[in-house]
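Data first, discussion second: the structure below is written as C-alpha coordinates.
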Amino acid sequence: MFKFFKTKLKSVALSLKRLSIGRKLKALFSKKIDAKLFEELEKLFYESDLGVKISVELTDKLKDILSKDPNISTDEILKILKNELLKEIVIYEEKELKKPHVIMIVGVNGSGKTTSIAKIANFYHEQNKKVLLIAADTYRAAAVEQLSKWAEKIGVDIVKSTQGSDPSSVVFDGLTAARNRDVDVVIIDTAGRLHTKINLMQELEKIKKVANKVIESSPHETILIVDATTGQNGVDGAKIFNSYTPISAFFLTKLDGTAKGGMVLSIQKELKVPIKWIGMGEKMQDIIPFDAEKFIDDLLSTD
Ligand SMILES: Nc1nc2c(ncn2[C@@H]2O[C@H](COP(=O)(O)OP(=O)(O)O)[C@@H](O)[C@H]2O)c(=O)[nH]1
Ligand SMILES: [Mg+2]
(Lines give C-alpha, C1' and ligand atoms only; values in the text may rest on other atoms or scores of the structure.)
(Ligands and ions follow the chains in the order given, each with its own letter.)
Protein backbone atom coordinates (compact mmCIF):
# COMPACT_ATOMS: atom_id res chain seq x y z
CA MET A 1 0.00 0.00 0.00
CA PHE A 2 1.25 3.45 -0.80
CA LYS A 3 1.64 6.36 1.53
CA PHE A 4 -1.12 8.60 0.22
CA PHE A 5 -3.40 5.63 0.19
CA LYS A 6 -2.95 4.74 3.80
CA THR A 7 -3.61 8.23 5.07
CA LYS A 8 -6.39 8.72 2.58
CA LEU A 9 -8.15 5.52 3.57
CA LYS A 10 -8.63 6.72 7.11
CA SER A 11 -10.47 9.87 6.11
CA VAL A 12 -12.41 7.97 3.48
CA ALA A 13 -13.60 5.50 6.10
CA LEU A 14 -14.76 8.41 8.20
CA SER A 15 -16.70 9.96 5.36
CA LEU A 16 -18.29 6.63 4.44
CA LYS A 17 -19.63 6.33 7.95
CA ARG A 18 -21.53 9.51 7.23
CA LEU A 19 -23.73 7.38 4.97
CA SER A 20 -24.65 5.14 7.85
CA ILE A 21 -28.19 3.89 8.15
CA GLY A 22 -27.17 1.93 11.27
CA ARG A 23 -27.85 4.82 13.62
CA LYS A 24 -31.30 5.40 12.16
CA LEU A 25 -32.06 1.70 12.38
CA LYS A 26 -31.05 1.65 16.00
CA ALA A 27 -33.39 4.53 16.73
CA LEU A 28 -36.24 2.75 14.93
CA PHE A 29 -35.74 -0.50 16.82
CA SER A 30 -36.06 1.29 20.10
CA LYS A 31 -39.70 1.90 19.17
CA LYS A 32 -42.66 -0.40 19.57
CA ILE A 33 -42.72 -3.26 17.09
CA ASP A 34 -45.82 -2.75 14.99
CA ALA A 35 -46.92 -2.30 11.40
CA LYS A 36 -45.87 1.33 11.46
CA LEU A 37 -42.31 0.40 12.41
CA PHE A 38 -42.02 -1.80 9.33
CA GLU A 39 -43.39 0.97 7.17
CA GLU A 40 -40.72 3.27 8.54
CA LEU A 41 -38.06 0.62 8.00
CA GLU A 42 -39.00 0.15 4.38
CA LYS A 43 -39.00 3.91 3.91
CA LEU A 44 -35.55 4.19 5.48
CA PHE A 45 -34.13 1.49 3.17
CA TYR A 46 -35.73 3.08 0.17
CA GLU A 47 -34.54 6.56 1.05
CA SER A 48 -31.02 5.16 1.44
CA ASP A 49 -31.17 4.34 -2.30
CA LEU A 50 -31.27 0.60 -1.73
CA GLY A 51 -33.93 0.35 -4.43
CA VAL A 52 -37.42 -1.12 -4.18
CA LYS A 53 -36.43 -4.78 -4.40
CA ILE A 54 -33.83 -4.78 -1.64
CA SER A 55 -35.97 -2.50 0.56
CA VAL A 56 -38.96 -4.82 0.37
CA GLU A 57 -36.88 -7.98 0.82
CA LEU A 58 -35.05 -6.61 3.85
CA THR A 59 -38.25 -5.40 5.49
CA ASP A 60 -39.89 -8.80 4.99
CA LYS A 61 -36.86 -10.51 6.39
CA LEU A 62 -36.89 -8.31 9.49
CA LYS A 63 -40.63 -8.80 9.93
CA ASP A 64 -40.05 -12.51 9.92
CA ILE A 65 -37.18 -12.35 12.39
CA LEU A 66 -38.95 -10.00 14.78
CA SER A 67 -42.11 -12.09 14.77
CA LYS A 68 -40.08 -15.13 15.79
CA ASP A 69 -37.94 -13.30 18.31
CA PRO A 70 -39.40 -9.97 19.44
CA ASN A 71 -36.59 -9.47 21.96
CA ILE A 72 -33.72 -9.78 19.50
CA SER A 73 -31.02 -7.13 20.06
CA THR A 74 -30.26 -4.38 17.58
CA ASP A 75 -26.74 -5.75 17.21
CA GLU A 76 -28.14 -9.13 16.21
CA ILE A 77 -30.45 -7.47 13.72
CA LEU A 78 -27.57 -5.49 12.22
CA LYS A 79 -25.58 -8.71 11.89
CA ILE A 80 -28.41 -10.34 9.99
CA LEU A 81 -28.76 -7.26 7.80
CA LYS A 82 -25.06 -7.34 7.04
CA ASN A 83 -25.34 -10.92 5.82
CA GLU A 84 -28.37 -10.11 3.73
CA LEU A 85 -26.61 -7.13 2.14
CA LEU A 86 -23.45 -9.12 1.50
CA LYS A 87 -25.57 -11.47 -0.60
CA GLU A 88 -26.25 -8.59 -3.00
CA ILE A 89 -22.57 -8.02 -3.66
CA VAL A 90 -21.14 -9.14 -6.97
CA ILE A 91 -17.53 -9.89 -6.17
CA TYR A 92 -15.00 -8.14 -8.36
CA GLU A 93 -12.42 -10.68 -9.41
CA GLU A 94 -9.02 -9.06 -9.58
CA LYS A 95 -7.48 -10.07 -12.88
CA GLU A 96 -3.89 -10.03 -13.90
CA LEU A 97 -3.09 -6.94 -15.96
CA LYS A 98 -2.43 -7.59 -19.62
CA LYS A 99 0.40 -5.65 -21.17
CA PRO A 100 -0.69 -3.18 -22.24
CA HIS A 101 -3.86 -3.39 -20.20
CA VAL A 102 -6.57 -1.36 -21.91
CA ILE A 103 -9.40 0.23 -19.94
CA MET A 104 -12.24 2.03 -21.70
CA ILE A 105 -14.17 4.55 -19.63
CA VAL A 106 -17.80 5.24 -20.51
CA GLY A 107 -20.73 7.11 -19.01
CA VAL A 108 -22.97 10.13 -19.26
CA ASN A 109 -21.69 13.70 -19.23
CA GLY A 110 -20.85 15.03 -15.80
CA SER A 111 -20.77 11.62 -14.14
CA GLY A 112 -17.08 12.14 -13.41
CA LYS A 113 -15.39 10.23 -16.24
CA THR A 114 -12.39 12.48 -16.73
CA THR A 115 -11.78 12.94 -13.01
CA SER A 116 -12.05 9.20 -12.44
CA ILE A 117 -9.57 8.55 -15.23
CA ALA A 118 -7.13 10.84 -13.46
CA LYS A 119 -7.69 8.87 -10.26
CA ILE A 120 -7.15 5.48 -11.91
CA ALA A 121 -4.11 6.81 -13.80
CA ASN A 122 -2.63 8.16 -10.59
CA PHE A 123 -3.36 4.88 -8.80
CA TYR A 124 -1.35 2.87 -11.33
CA HIS A 125 1.29 5.55 -11.70
CA GLU A 126 1.92 5.33 -7.95
CA GLN A 127 2.55 1.63 -8.48
CA ASN A 128 5.27 2.49 -10.99
CA LYS A 129 3.18 1.37 -13.94
CA LYS A 130 3.68 3.20 -17.18
CA VAL A 131 0.33 4.80 -17.94
CA LEU A 132 -0.94 6.30 -21.19
CA LEU A 133 -4.18 8.24 -21.57
CA ILE A 134 -6.12 8.43 -24.82
CA ALA A 135 -8.33 11.49 -25.26
CA ALA A 136 -11.11 9.97 -27.36
CA ASP A 137 -13.69 12.51 -26.18
CA THR A 138 -13.20 14.50 -29.35
CA TYR A 139 -16.54 16.31 -29.21
CA ARG A 140 -15.43 19.09 -26.94
CA ALA A 141 -12.04 20.82 -27.07
CA ALA A 142 -12.39 21.44 -23.33
CA ALA A 143 -12.51 17.71 -22.68
CA VAL A 144 -9.12 17.12 -24.29
CA GLU A 145 -7.71 20.10 -22.45
CA GLN A 146 -9.04 18.85 -19.11
CA LEU A 147 -7.49 15.42 -19.63
CA SER A 148 -4.18 16.96 -20.78
CA LYS A 149 -3.99 18.95 -17.57
CA TRP A 150 -4.47 15.82 -15.49
CA ALA A 151 -1.86 13.94 -17.54
CA GLU A 152 0.63 16.71 -16.88
CA LYS A 153 -0.19 16.88 -13.21
CA ILE A 154 0.20 13.14 -12.71
CA GLY A 155 3.15 12.88 -15.07
CA VAL A 156 1.79 10.41 -17.61
CA ASP A 157 1.65 10.43 -21.42
CA ILE A 158 -1.41 11.36 -23.41
CA VAL A 159 -2.39 10.77 -27.02
CA LYS A 160 -4.87 13.26 -28.39
CA SER A 161 -6.18 14.57 -31.64
CA THR A 162 -7.96 17.65 -32.87
CA GLN A 163 -11.52 18.39 -31.84
CA GLY A 164 -14.10 16.74 -34.07
CA SER A 165 -11.86 13.94 -35.29
CA ASP A 166 -13.04 10.35 -35.26
CA PRO A 167 -12.68 8.92 -31.75
CA SER A 168 -11.78 5.49 -33.07
CA SER A 169 -8.88 6.90 -35.06
CA VAL A 170 -7.49 8.51 -31.88
CA VAL A 171 -7.87 5.15 -30.18
CA PHE A 172 -6.03 3.49 -33.05
CA ASP A 173 -3.15 5.98 -32.76
CA GLY A 174 -3.11 5.76 -28.97
CA LEU A 175 -3.00 1.99 -28.80
CA THR A 176 -0.34 1.82 -31.49
CA ALA A 177 1.73 4.25 -29.42
CA ALA A 178 1.08 2.18 -26.28
CA ARG A 179 2.49 -0.90 -27.96
CA ASN A 180 5.54 0.93 -29.23
CA ARG A 181 6.25 2.68 -25.94
CA ASP A 182 6.05 -0.38 -23.71
CA VAL A 183 3.07 0.99 -21.79
CA ASP A 184 1.49 -1.00 -18.92
CA VAL A 185 -1.93 0.60 -18.58
CA VAL A 186 -3.94 2.50 -21.18
CA ILE A 187 -7.04 4.45 -20.20
CA ILE A 188 -9.41 5.68 -22.88
CA ASP A 189 -11.62 8.70 -22.20
CA THR A 190 -14.79 8.72 -24.29
CA ALA A 191 -17.38 11.40 -24.87
CA GLY A 192 -20.29 11.55 -22.50
CA ARG A 193 -23.24 9.82 -24.04
CA LEU A 194 -26.78 9.25 -23.07
CA HIS A 195 -27.72 5.62 -23.30
CA THR A 196 -30.70 6.77 -25.35
CA LYS A 197 -28.55 8.00 -28.24
CA ILE A 198 -28.20 4.89 -30.34
CA ASN A 199 -25.64 6.27 -32.79
CA LEU A 200 -23.34 7.25 -29.94
CA MET A 201 -23.74 3.85 -28.37
CA GLN A 202 -22.79 2.29 -31.70
CA GLU A 203 -19.74 4.50 -31.78
CA LEU A 204 -18.53 2.73 -28.65
CA GLU A 205 -18.81 -0.57 -30.49
CA LYS A 206 -16.70 0.88 -33.29
CA ILE A 207 -14.06 2.06 -30.82
CA LYS A 208 -13.97 -1.42 -29.35
CA LYS A 209 -13.59 -3.03 -32.76
CA VAL A 210 -10.67 -0.77 -33.61
CA ALA A 211 -9.05 -1.37 -30.23
CA ASN A 212 -9.32 -5.08 -30.78
CA LYS A 213 -7.54 -4.79 -34.10
CA VAL A 214 -4.54 -3.07 -32.54
CA ILE A 215 -4.37 -5.00 -29.26
CA GLU A 216 -5.92 -8.43 -29.07
CA SER A 217 -9.01 -8.78 -26.83
CA SER A 218 -8.84 -5.12 -25.83
CA PRO A 219 -10.39 -3.20 -24.24
CA HIS A 220 -9.80 -5.59 -21.36
CA GLU A 221 -12.14 -3.62 -19.16
CA THR A 222 -15.07 -1.36 -19.91
CA ILE A 223 -15.82 0.70 -16.85
CA LEU A 224 -19.07 2.59 -16.51
CA ILE A 225 -18.81 5.72 -14.40
CA VAL A 226 -21.97 6.26 -12.39
CA ASP A 227 -22.77 9.29 -10.27
CA ALA A 228 -23.93 7.81 -6.98
CA THR A 229 -26.11 10.82 -6.25
CA THR A 230 -28.45 9.85 -9.13
CA GLY A 231 -30.05 6.92 -7.31
CA GLN A 232 -32.52 4.79 -9.25
CA ASN A 233 -32.12 6.92 -12.41
CA GLY A 234 -28.47 5.97 -12.47
CA VAL A 235 -29.35 2.31 -12.07
CA ASP A 236 -31.87 2.47 -14.93
CA GLY A 237 -29.38 4.25 -17.19
CA ALA A 238 -26.70 1.70 -16.38
CA LYS A 239 -29.04 -1.12 -17.35
CA ILE A 240 -29.60 0.29 -20.82
CA PHE A 241 -25.92 1.13 -21.20
CA ASN A 242 -25.02 -2.44 -20.34
CA SER A 243 -27.42 -3.77 -22.95
CA TYR A 244 -25.53 -1.92 -25.69
CA THR A 245 -21.98 -2.22 -24.44
CA PRO A 246 -21.34 -4.87 -21.82
CA ILE A 247 -19.82 -3.29 -18.72
CA SER A 248 -17.13 -5.15 -16.81
CA ALA A 249 -17.29 -3.03 -13.66
CA PHE A 250 -18.59 0.21 -12.17
CA PHE A 251 -16.77 3.21 -10.82
CA LEU A 252 -19.24 4.88 -8.50
CA THR A 253 -18.44 8.57 -8.06
CA LYS A 254 -19.41 11.32 -5.64
CA LEU A 255 -19.96 9.12 -2.62
CA ASP A 256 -18.55 12.03 -0.64
CA GLY A 257 -21.52 14.16 -1.68
CA THR A 258 -25.21 13.80 -1.08
CA ALA A 259 -25.27 10.14 -2.16
CA LYS A 260 -27.07 7.85 0.25
CA GLY A 261 -24.80 4.88 -0.37
CA GLY A 262 -27.50 2.28 -0.92
CA MET A 263 -27.06 2.54 -4.65
CA VAL A 264 -23.83 0.64 -4.24
CA LEU A 265 -26.00 -2.40 -3.52
CA SER A 266 -29.01 -1.76 -5.74
CA ILE A 267 -26.92 -1.28 -8.89
CA GLN A 268 -25.16 -4.60 -8.35
CA LYS A 269 -28.38 -6.40 -7.62
CA GLU A 270 -30.02 -5.16 -10.78
CA LEU A 271 -27.10 -5.56 -13.17
CA LYS A 272 -24.99 -8.34 -11.66
CA VAL A 273 -21.95 -6.22 -12.46
CA PRO A 274 -19.35 -5.60 -9.73
CA ILE A 275 -18.14 -2.27 -8.41
CA LYS A 276 -14.40 -1.88 -8.74
CA TRP A 277 -13.82 1.66 -7.53
CA ILE A 278 -15.51 4.38 -5.59
CA GLY A 279 -14.82 8.10 -5.87
CA MET A 280 -14.80 10.22 -2.76
CA GLY A 281 -13.93 13.71 -3.96
CA GLU A 282 -12.53 15.85 -6.73
CA LYS A 283 -8.82 15.23 -6.18
CA MET A 284 -6.88 12.50 -7.91
CA GLN A 285 -6.21 10.77 -4.59
CA ASP A 286 -9.91 10.51 -3.78
CA ILE A 287 -10.32 6.95 -4.99
CA ILE A 288 -10.66 3.65 -3.16
CA PRO A 289 -10.85 0.11 -4.46
CA PHE A 290 -14.30 -1.05 -3.46
CA ASP A 291 -14.33 -3.34 -0.43
CA ALA A 292 -17.81 -4.79 0.02
CA GLU A 293 -17.51 -5.92 3.61
CA LYS A 294 -15.97 -2.66 4.75
CA PHE A 295 -18.58 -0.69 2.88
CA ILE A 296 -21.47 -2.56 4.48
CA ASP A 297 -19.87 -2.19 7.91
CA ASP A 298 -19.74 1.55 7.38
CA LEU A 299 -23.28 1.63 6.06
CA LEU A 300 -24.56 -0.20 9.13
CA SER A 301 -22.28 1.52 11.61
CA THR A 302 -24.00 2.85 14.70
CA ASP A 303 -21.21 5.11 15.97
N1 LIG B 1 -17.51 15.53 -4.99
C2 LIG B 1 -17.09 14.82 -6.02
N3 LIG B 1 -17.04 15.38 -7.24
C4 LIG B 1 -16.60 14.64 -8.27
C5 LIG B 1 -16.21 13.28 -8.12
N6 LIG B 1 -15.85 12.82 -9.35
C7 LIG B 1 -16.00 13.86 -10.20
N8 LIG B 1 -16.47 14.96 -9.57
C9 LIG B 1 -16.80 16.28 -10.13
O10 LIG B 1 -17.86 16.14 -11.07
C11 LIG B 1 -17.74 17.11 -12.12
C12 LIG B 1 -17.75 16.40 -13.47
O13 LIG B 1 -16.59 15.61 -13.59
P14 LIG B 1 -15.90 15.24 -14.96
O15 LIG B 1 -14.77 14.33 -14.64
O16 LIG B 1 -15.59 16.45 -15.75
O17 LIG B 1 -17.11 14.45 -15.64
P18 LIG B 1 -17.25 13.89 -17.13
O19 LIG B 1 -18.10 14.88 -17.86
O20 LIG B 1 -17.99 12.58 -16.96
O21 LIG B 1 -15.90 13.72 -17.70
C22 LIG B 1 -16.43 17.84 -11.84
O23 LIG B 1 -16.74 19.04 -11.18
C24 LIG B 1 -15.66 16.91 -10.92
O25 LIG B 1 -14.76 17.57 -10.08
C26 LIG B 1 -16.29 12.69 -6.81
O27 LIG B 1 -15.99 11.51 -6.56
N28 LIG B 1 -16.73 13.52 -5.81
MG1 LIG C 1 -15.00 14.39 -19.45
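The selection criterion, being farther than 27 Å from Thr176 by Cα and away from ligand 1 (no atom under 12 Å from the Cβ), holds for Lys260. Close contacts from the range 238-262, counting a first residue that is more than 22 Å from Glu47 (Cβ to Cβ) and a second that is small (Gly, Ala, Ser), with Cβ to Cβ under 8 Å and a gap of 6+ residues or different chains, come to Phe241/Gly107; Ile247/Ala238; Phe251/Gly112; Phe251/Ser116; Phe251/Gly279. It is to be established whether one or more residues within the range 180-192 are of a type in the set (S, T, N, Q) and in contact with a Ser or Thr (Cβ under 8 Å, 6 or more places away or on another chain). Checking the range 180-192: not a single residue is of a type in the set (S, T, N, Q) and in contact with a Ser or Thr (Cβ under 8 Å, 6 or more places away or on another chain).
Among the residues making up the range 83-103, those that are out of contact with any Asp or Glu (no Cβ under 7 Å at 6 or more places or on another chain) and either part of a strand (DSSP E or B) or under 15 Å from Ile278 (Cβ atoms) (or both) are Ile89, Val90, Tyr92, Val102. Within the range 212-224, the presence of at least one residue that is in a helix (DSSP H, G or I) and either among the β-branched types (Val, Ile, Thr) or farther than 18 Å from Ile103 by Cα (or both) is confirmed. Among residues of the range 89-115 that are more than 30 Å from Arg179 (Cβ to Cβ), those with a Cβ under 9 angstrom from a residue that is in a strand (DSSP E or B) and within 7 Å of ligand 1 (Cβ to nearest atom), sequence gap 6+ or separate chain, pair up as Val108/Ile225.
Picking from residues in the range 225-238 that are within 20 Å of Trp277 (Cβ to Cβ), modelled with pLDDT of 90 or more and part of a helix (DSSP H, G or I), the one that is farthest from ligand 2 (Cβ to nearest atom) is Val235. For the range 119-138, the condition holds for at least one residue, the condition being that it is assigned to a loop (DSSP other than H, G, I, E, B) and within 16 Å of ligand 1 (Cβ to nearest atom). If you go through the range 139-173 and keep only what is in contact with a Leu (Cβ under 7 Å, 6 or more places away or on another chain) and either part of a helix (DSSP H, G or I) or in contact (Cβ under 8 Å) with a residue 40 or more places away in the chain (or both), you end up with Leu147, Ala151. Tell me, please, whether a residue that is surrounded by fewer than 19 Cβ atoms within 10 Å (Cβ to Cβ), hydroxyl-bearing (Ser, Thr, Tyr) and within 16 Å of ligand 2 (Cβ to nearest atom) can be found in the range 177-190. Checking the range 177-190: not a single residue is surrounded by fewer than 19 Cβ atoms within 10 Å (Cβ to Cβ), hydroxyl-bearing (Ser, Thr, Tyr) and within 16 Å of ligand 2 (Cβ to nearest atom).
For Thr74, the stated conditions hold: it is polar (S, T, N, Q) and at pLDDT below 90.
For the range 150-165, the set of residues classified as surrounded by fewer than 18 Cβ atoms within 10 Å (Cβ to Cβ) and either in contact with an Asp or Glu (Cβ under 9 Å, 6 or more places away or on another chain) or not charged (D, E, K, R) (or both) consists of Gly155, Thr162, Gln163, Gly164, Ser165, listed by residue number. Selection within the range 170-198: residues that are polar (S, T, N, Q) and closer than 20 Å to Gly107 by Cα. The member of this set that is farthest from ligand 1 (Cβ to nearest atom) is Thr196.
The values are calculated or read from the model by the stated rules, or taken from the named source; none is laboratory data. Model, not experiment: these values are computed from the prediction. Counting neighbours? That spans all protein chains shown, and the Cβs are built from the backbone with ideal geometry, glycine included.
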